[in-house]
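Trainee: One structure, as structure tokens, below. Some questions next.
The values are calculated or read from the model by the stated rules, or taken from the named source; none is laboratory data. Values in this document were obtained by computation on a predicted structure and should not be read as measured data. With ideal geometry, Cβ positions are generated from the backbone for all residues, glycine too; neighbour counts draw on all protein chains shown. These accessible areas exclude ligands, DNA and RNA; they are computed on the full protein's heavy atoms, side chains included. Shrake-Rupley method; radii C 1.70, N 1.55, O 1.52, S 1.80 Å.
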Amino acid sequence: MPENSRVLRVVLLGAPNAGKSTLSNQLLGRKVFPVSKKVHTTRCQALGVITEKEAQVILLDTPGLISPVKQKRHHLELSLLEDPWKSMESADLVVVLVDVSDKWTRNQLSPEVLQCLTQFSQVPSILVMNKVDCLKQKSVLLELTAALTEGVVSGKKLKLRQAFRSQPGTHCPSPAAKGPNIQSVGGPQRIGWPYFQEIFMLSALSQEDVKTLKQYLLARAQPGPWEFHSEVLTSQTPEEICANIIREKLLEHLPQEVPYNVQQKTIMWEEGPSGELVIVQKLLVPKESHVKILIGPKGHLISQIAEEAGRDLMDIFLCEVQLRLSVKLLN
């Protein structure tokens, strides 16, 4: 650890599927968090670490915020509801991610996100408008910016002409930085947050866009001791990373509720004769029909899932990986 070490703990907040895991993976430069088109892939608070020169940025990738009603309906784990709040308690900065390509949700921040921002209004926040590459009409961005910020950024009224050029610039402390006693916050009509310090418009898939955000985060790191060795990318164990990557493939390839009912059990994890990593995992499912779906015609699906997950794991562990998956009915 250098003498002049700096650190920043960043919480990524956003509705399910806003692109938090994709953004995390791009910021880290390698695939660590599971990414899938189905919602709620990140089930527990995953942690990624970016270390450059003397600055360390710790990413808390929170599960998408959801309401207790939805949690009951989908039988989702309690960690999905509690985690975002836990990570907020130790945050130095909140990055609120909005998917601007989603016509149904993009016009306002979700009540859960607003509640989180309100409760922790002393924590500085920035707005990241994601998937801008999907927008045919860029003028929509201006309207969305006005709505999501209530027309105020960094304590100044937004001149809509400038919204496109909203690159990291001067940092006036936002009113939120003065403390959590904002009385009017969270009124019934609120759909945006007028205390964002910056706006970024990007595509989480574009390395150039993400680099701008990454440099901003590194620059914001404050003097303090590093929490991780500079080689650490994530505090997840290799077994957790492996389980997450397989889970991502299950979510991608299986219909509706099937992947949510699969239990994963690691049977073998050892080094093979040539230094390769040999992983054998059993997938347990509650119904006979699920067994058939998961195996697929002539066993094609399960071998495709194993092949894709194995390739991803090689990229992450930087070694040969032999992954074998079997499917069994839960007794």
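Trainee: Just to verify a result, which residue in segment 103-158, among those that are under 14 Å from residue 194 (Cα atoms) and charged (D, E, K, R), is most open to solvent (accessible area, probe 1.4 Å)?
Mentor: Only one residue fits best here, namely 157.
Trainee: Another question, then. Of all residues in segment 249-263, which are in contact with a Lys or Arg (Cβ under 9 Å, 6 or more places away or on another chain) and among the acidic types (Asp, Glu)?
Mentor: The one that is in contact with a Lys or Arg (Cβ under 9 Å, 6 or more places away or on another chain) and among the acidic types (Asp, Glu): 252.
Trainee: For segment 269-279, how many residues are under 29 Å from the mean Cα position of the chain (by Cα) and open to solvent by 30 Å² or more (accessible area, probe 1.4 Å)? Break it down stepwise before answering.
Mentor: Initially, segment 269-279 is screened for residues under 29 Å from the mean Cα position of the chain (by Cα), giving 269, 277-279.
Still in the running and open to solvent by 30 Å² or more (accessible area, probe 1.4 Å): 269.
Looking only at that region, the number is 1.
Trainee: May I pose another question? Anything in segment 215-241 that is modelled with pLDDT of 90 or more and open to solvent by less than 40 Å² (accessible area, probe 1.4 Å)? List them, or say none.
Mentor: Selection gives 216, 217, 218, 221, 224.
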